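Here the structure is laid out as C-alpha cells; the discussion comes afterwards.
The values are calculated or read from the model by the stated rules, or taken from the named source; none is laboratory data. Please read all numbers here as calculations on a predicted model, not as lab measurements. Positions of Cβ are generated from backbone atoms using ideal geometry, with glycine treated the same way; all protein chains shown enter the neighbour counts. Note: areas computed on protein heavy atoms with side chains; ligands, DNA, RNA excluded. Shrake-Rupley method; radii C 1.70, N 1.55, O 1.52, S 1.80 Å.
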Amino acid sequence: MVKRIKENKLQFDMDTGWKSFRNHFRRGHGHMVAYLWNRFQWNYFYRLGIVPKFPLNVDIESSSRCNIQCEHCFRQYMDMHESDFMPMPLYKKIVDECARYNLFTLKFSMRGEPTLNREIVSMVSYAKQKGIKEVWINTNGSLLTEDMAEGFIKAGLDCLTVSFDGLGKMYERIRTPLKYEEALARIKMFAEVRKYLKVQKPIFKVQSIWSAIKENPEEYLNIVGNIADKVSYNINFDYENIHFIPDPNYVCYRLWQRIAITSTGDVLKCPSDFKKKEVLGNAQDRSIKEIWDSKQEEERKRHLGGKRLESLVCKECHHGATIIRDEKAYSGRKHEVNEVLYEEPTTVSR
C-alpha cells in the first residue's frame, strides 16, 4: 500500500451540490461503467499500490507554443527547450497506441496553447474515432471561433476548460494582450453554439487563479457561472516570498495515474517537468507502454524507496512540500515540519 503524505490542495470548485453531481453524470454519459471504473482507479489504485496496465491519463501537447504572455505563467521565466507543433503522423502513432490499451483520458494541455495547432479539430476527431472515451482541451480561449466551436462539438470533444482570470481590467492585466469584453463574448459564444446544437458535451469549464478573484469571488461566479457548467480556481504562489521544503518521504500519486508527452514526442513522468529535465524517452521510437512499465516504474520505486529527492524535478516540485513564507523561517525549518503557511482561500459556492 502506498503511503500518501498530506497533499497541498491547489484547486477549488466553486460549484457544489446538484450542479457538481450533474457534471459527473454528464462526464460519464455514454460510458458510465467505464467512467466509474476510471474514477476508482484514479482515486484508489495508488493508495493500494496497484499500477494500471497503461496510464489513466495522457497529457499531450498539440503545441508547445503560446500566443499570450500571462504575468503568472512559468513560460515567462524559463527556457522550455521546445517551441513546436506536434506533427499529425506522430500524434496518430500516439493515439493508436493509446486506443489499443483503452486509454480513458487524452488531455491537450501542459505548456502551450493547444488551439494554435491548425489541426486541433482533426486531432480531437481522430482520437474519438479511435475510441478514446474522454478527450479534453485546456485553452486560454483566445482563438475560439464559431467554426472551431462547432468543429469541436461535432468531433465529439468531451471537456473544454478555458482559463479566464478575473474580471475587467484584472483579466486584461493578467492575460496580456487579450481584451476582457472580447474574451467574455467568446465563452458566451461557445455556450450558445453548444446550446444551438442541442448536445450535452463538451462539459464547459471556466477557471481562474485565486489572486485574480479574491476581492470579488461572488461577482466572478455570478458572471461566469451563468455561462459555464463548472467554475473553479487555482492557487497561485508568490514565488518571491515563499519557499517549498520538499519531503523526501512523499510519494507522488501522479506516477500511478498519468504520463506527459511534449510536442516533439518527449515523454515526461508528469506535466510539471516544464524544462524537460528528465525525459524518459521519445514516442517516435519507443512505445508509451514500454516507458510506463520501465522508466516510470523506476520513478515509482524511487519514490517508494524514499529517494524522490534524487530527482531534480521532484526536488523542485510543490506537491507534497511544506510551504513557508519568508527566508528567516526557511533557514530554520527542516523536512519534518508539517505546518502549511500559505493563504487558503475562503470557500465560495452557490
Q: Identify the residue in the stretch 249-271 that is in a loop (DSSP other than H, G, I, E, B) and open to solvent by 30 Å² or more (accessible area, probe 1.4 Å) and, among all such residues, is nearest to L309 (Cα to Cα).
A: N249
**Q.** Of all residues in the stretch 300-325 being under 22 Å from the mean Cα position of the chain (by Cα) and of a type in the set (A, V, I, L, M), the one that is surrounded by the fewest Cβ atoms within 10 Å (Cβ to Cβ)
**A.** L312
Q: State yes or no: is L197 within 22 Å of S125 (Cα to Cα) and touching a residue at least 24 places away in the same chain (Cβ under 8 Å)?
A: yes
Q. Does K9 meet the test of being farther than 30 Å from L178 by Cα, at pLDDT below 75 and either open to solvent by 60 Å² or more (accessible area, probe 1.4 Å) or part of a helix (DSSP H, G or I) (or both)?
A. no
(Q) I'd like to check which helices (runs of 4 or more DSSP H) are fully inside the stretch 121-225 and have at least 3 residues that are open to solvent by 20 Å² or more (accessible area, probe 1.4 Å). (A) 146-155, 168-174, 180-197, 217-224
Q. Just for the stretch 200-224: of the residues that are within 16 Å of the chain's Cα centre (by Cα) and aliphatic (A, V, I, L, M), which one is modelled with the lowest pLDDT?
A. I209
Q.
Being without any contact (Cβ under 8 Å) to a residue 24 or more places away in the chain, within 19 Å of E113 (Cα to Cα) and not acidic (D, E) is the requirement here; does Y180 meet it?
A. yes
Q | Members of the stretch 116-148 that are touching a strand residue (DSSP E or B) at 6+ places or on another chain (Cβ under 9 Å) and within 26 Å of I213 (Cβ to Cβ) | A | W136, I137, N138, T139, N140, G141, L144
Q) Looking at Y77, is it at pLDDT below 90 and over 17 Å from the mean Cα position of the chain (by Cα)? A) yes
Q.
Can you tell me how many residues within the stretch 276-327 are modelled with pLDDT of 85 or more and part of a helix (DSSP H, G or I)?
A. 23
Q | Subset of the stretch 275-299 that is within 19 Å of L103 (Cβ to Cβ) and touching a Leu at 6+ places or on another chain (Cβ under 7 Å) - its residue that is most open to solvent (accessible area, probe 1.4 Å) | A | Q284
Q: Being touching a residue at least 12 places away in the same chain (Cβ under 8 Å) and surrounded by fewer than 18 Cβ atoms within 10 Å (Cβ to Cβ) is the filter here, so list the residues in the stretch 99-115 that pass it.
A: A99, Y101, N102
